Structure formats: structure tokens, C-alpha cells
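The values are calculated or read from the model by the stated rules, or taken from the named source; none is laboratory data. Since we're looking at a predicted model, the values are computed, not measured. FYI the Cβ positions are ideal-geometry reconstructions off the backbone, even for glycines, and counts take in every protein chain you see. Each accessible area value is taken on the protein alone, full model and side chains, heavy atoms only, with ligands, DNA and RNA left out. Shrake-Rupley method; radii C 1.70, N 1.55, O 1.52, S 1.80 Å.
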Amino acid sequence: MSLPEIVTRADWRAARAALLAKEKAATRARDALNAERRGLPMVEVDKEYVFEGGDGKATLLDLFGGRDQLVVYHFMFAPEWDAGCRSCSAFLDQIGHLAHLRARGTSFAAVSRAPYPKILPFKARMGWTLPWFSSYVSDFNADFEVTLEHEGELVERPGLSCFLRDRERVFHTYSTYERGLDGVGSTTSLLDLTALGRQEPWEKPEGRATALGAPAGSEGVRYHDEYED
């Protein structure tokens, strides 16, 4: 079994102090990276996208809700699917009260390619109240590279895009995909602090993922109403 070494409290404190120095360096590096991200240029979104939500048709500008910024989570839900992606569902479960974002002039919305009549019952099943829109009739997913063509078929991938508004003009400032979402959700962030980690087979040290019979990481992700406990 690949469990941590058992040591005295004094030895643990010494090891923790050594790691803390690296954590502080990583924090400073992250601050610098965030500043560099904020320094990225932006591109105007001049294409007219049409979405469908709870209040009917909407434009990208409408998704801002009058605020200055918009964060869009690209939720994997293809038109032919009966339910949304399990991992994307786990991500949305982690989104807290939107008042804290809105207080800083930032709106949040999920966008999927599935038609809204398919989104609505799944959203109700999950108990979510956050804004969720369908991009079924627009090129939004393709243009922001979350619906891709692979070997003649359309495939979905998760992502997150940020937009800035200057009066009636909308600008795209940032996007990230797949592993780029790692540090955004609270589940992975909290698990990264634990001894067993995310319980993924690629994590080091080897064997830690299966120690104490831990579940198999992302392979064990279910909708929150499907877990036995």
C-alpha cells in the first residue's frame, strides 16, 4: 500500500515547513500568471449568436444581465444525448451562490448545444437554479472550440470562456479547456490537499489511488443523485 510514511510530530512539522516554502513560491508564481492572464489582449465578438433560455431567445450581450463581465461554462450536452455530462454536472454542483460573483460585476451562465427542452428537465433533476442556455441554433460551440469535428463526427469537450462588455460591445478575453479547469472547481482543489489526492491512476506516488480501497477518481464520478451514500 502506498500510504504516507508515519513519523513524529516534530518530523512532520519539519517536512511541512519545507513544503510550505514551495507552496508560497507557487502562490507567487500563480499571482504572476494571473496578472499575465489579465494582460492578454481581447478580441471583439461581432457575430450575432442566438441562445434559448428560460425567458426565450437571448443574445450574448443578454447573458451579461447588465453586468460588465460574463463567465460561460461550456457544459457538454450534445443534442442527441438524454442527459448532460457527468463530470460537467459535478463541476456545476460546485458553483456557489452567484451573488458573490454578481457583487463584482460578473455574471455566470452554462451553455450547451442541446436544445433547451432537453436542458430544462435535466436542470430540474439536478436542482440547479443558475442560468443555463442552449446554443443549438448558433455556431457558438464551434466558434469557441468546445464542439469539434473528429473523423467526421462532432465531439464535445468542457471549457470555460470569459467575456468583457464595453456598453454594447462584447469582447472575448480568455478561454480554457479540459485540464485547464482543474483548479477552478472546489472538489479537485480540496482533494489536492489530502493524502489520497484525487485518486487518479496518473497521480504520484504510484499506488496511492487504490490505497485503502479508494474509489477510482474521475472514473467513479456519477450524477449527485446516483451515489449510494
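Tabulated values for the structure
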quantity: Dipole of the chain, positive direction: furthest Cα of ALA35, PHE64, SER107, with charges on the beta-carbon; calculated: ALA35
quantity: Sites VAL155 and ALA14 - FRET efficiency at Förster radius 35 Å, r taken between beta-carbons, to 0.05; calculated: 0.10
quantity: Full-stretch length increase - ASP68, ASP93 - with 0.36 nm per residue and alpha-carbon distance subtracted; calculated: 6.5 nm
quantity: Segment 136-181 - Rg and Dmax from Cα coordinates, angstrom; calculated: 12.6, 41
quantity: Whole-percent carbon and sulfur share, accessible surface of the chain, 1.4 Å; calculated: 54
quantity: Under 11 Å, Cβ to Cβ, from GLY127 - net charge with Lys/Arg +1 and Asp/Glu -1; calculated: 0
quantity: CD proxy at 222 nm, helix term only [per DSSP H run n ≥ 4: -39500 (n - 2.57); per residue of the chain; nearest 500]; calculated: -8500 deg cm²/dmol
quantity: Whole-angstrom Cα spans of the chain along principal axes, big to small; calculated: 62, 41, 38
quantity: Surface accessible to a 1.4 Å probe, per residue, for the residues of the chain, Å²; calculated: 62
quantity: Segment 1-53: GluC sites (Glu not before Pro) in DSSP coil with no more than 10 other Cβ atoms inside 10 Å; calculated: GLU5, GLU48
quantity: Gyration tensor verdict on segment 108-214 (Cα atoms; rounded if a/c is under 1.5, prolate if a/b is larger than b/c, oblate otherwise); calculated: prolate
quantity: Lysine pairs in the chain with Cα atoms under 25 Å, if 8 or more residues apart or on separate chains; calculated: 5
quantity: Isotropic mean projected area of the C-alpha convex hull, segment 62-123 (nm²); calculated: 4.4
quantity: Cα-based shape type of segment 1-113, given that a ≥ b ≥ c are square roots of the gyration tensor eigenvalues and the cut on a/c is 1.5; calculated: prolate
quantity: Neighbour net charge for MET42 - beta-carbon separation under 12 angstrom, K R +1, D E -1; calculated: +2
quantity: Column: log10 I(q)/I(0), Debye, Cα scatterers of segment 1-47, q = 0.25, 0.33 Å⁻¹; calculated: -0.91, -1.08
quantity: GLU48-GLU226 pseudo-label distance in nm [points 7 Å out on the Cα-to-Cβ vector]; calculated: 4.0
quantity: GNM flexibility winner over the chain from ASP93, ASP55, ASP182 (Cα, springs under 10 Å); calculated: ASP55
quantity: Cysteines in the chain that, by Cβ-Cβ distance, have no pairing candidate under 4.7 Å; calculated: CYS162
quantity: Rg(Cα) / (2.2 N^0.38 Å) computed for segment 51-173, rounded to two decimals; calculated: 1.02
quantity: Exposed chymotrypsin sites (Phe, Trp or Tyr not before Pro) absent - longest run of the chain, DSSP non-H/G/I/E/B, at most 14 other C-beta within 10 Å; calculated: 1-201
quantity: DSSP-defined antiparallel bridges as percent of all bridges, segment 47-204, nearest 5; calculated: 70
